[in-house]
Amino acid sequence: MISATLAGKRIAVTGSTGFLGTALVERLLRCVPDAELILLVRPGRRGADDRVRREVLKNDCFDRLRGELGGQKPFDAMTAARVRGIPGDVSVDGLALDDDGRAVLASCDLVIHSAATVSFDSPLDTAVEVNLLGPVR
């Protein structure tokens, strides 16, 4: 029922580089037909799309999907068509989005916020910025 409702939708996901977010991306790609995923990630040195490819899609949790699709090449083709990384930061007002990023995010049908700071010794203001104010942004 859920996969049928989400089929063909454009879904934005925060926190996709984390444990829970990566598992969520895998499940959406495997179980929700034709859903397009927009992953909001801090860009790092090489850009958002490169970070998504290196830190999310190379994860072992995608092995089942790679197998179902028939290997790495079909997996890469499918993810190239269905997954896009956009640079942003949930700890910053406006999500640190440029005009293109705002337009892409505005075109999404659904946003799943899974970004969080989970370090028990992180400064309180950092935890509040991400865990409390992140969803508001």
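The values are calculated or read from the model by the stated rules, or taken from the named source; none is laboratory data. This one's a predicted model, so the numbers in the text were calculated from it and none came from an experiment. Methodologically, a virtual Cβ is constructed for each residue, glycine included, from the backbone with ideal geometry; neighbour enumeration extends over all protein chains shown. To get the accessible areas, we keep the full protein, side chains included, count just its heavy atoms, and leave off ligands, DNA and RNA. Shrake-Rupley method; radii C 1.70, N 1.55, O 1.52, S 1.80 Å.
Residues of region 81-100 that are open to solvent by less than 70 Å² (accessible area, probe 1.4 Å) and assigned to a helix (DSSP H, G or I): Arg82, Gly94, Leu95, Ala96. Residues in region 46-60 that are touching a residue at least 40 places away in the same chain (Cβ under 8 Å) and under 10 Å from Thr17 (Cα atoms): 1 in all. When Ala103 is tested against (1) within 15 Å of the chain's Cα centre (by Cα); (2) at pLDDT 95 or above; (3) in a helix (DSSP H, G or I), exactly one condition is not met: (1). Any residue that is at pLDDT 95 or above, of a type in the set (Gly, Ala, Ser) and farther than 21 Å from Asp109 by Cβ - is there at least one of those in region 33-52? No, region 33-52 has no match at all. Cβ-Cβ contacts under 6 Å between residues 6 or more apart (or on different chains), taken from a first residue in region 71-85 that is on the phi < 0 side of the Ramachandran plot to a second residue that is of a type in the set (Phe, Trp, Tyr) and exposed (fewer than 11 other Cβ atoms within 10 Å of the Cβ), are absent.
Hey, could you check region 1-37 for residues that are more than 13 Å from Leu57 (Cα to Cα) and either in contact with a Cys (Cβ under 6 Å, 6 or more places away or on another chain) or of a type in the set (Asp, Glu) (or both) and say which is least open to solvent (accessible area, probe 1.4 Å)? Steps first, answer last, please.
Initially, region 1-37 is screened for residues more than 13 Å from Leu57 (Cα to Cα), giving 1-15, 20, 31-36.
Next, from what is left, pick out any that are either in contact with a Cys (Cβ under 6 Å, 6 or more places away or on another chain) or of a type in the set (Asp, Glu) (or both): 3, 10, 12, 34, 36.
On the way: Ser3: 45, Arg10: 55, Ala12: 4, Asp34: 120, Glu36: 54 Å².
Applying the filter and picking the extreme gives Ala12.
The condition (being over 16 Å from the mean Cα position of the chain (by Cα), modelled with pLDDT of 95 or more and either buried (at least 19 other Cβ atoms within 10 Å of the Cβ) or of a type in the set (Asp, Glu) (or both)) is satisfied by just one residue among Phe75, Phe62: Phe75.
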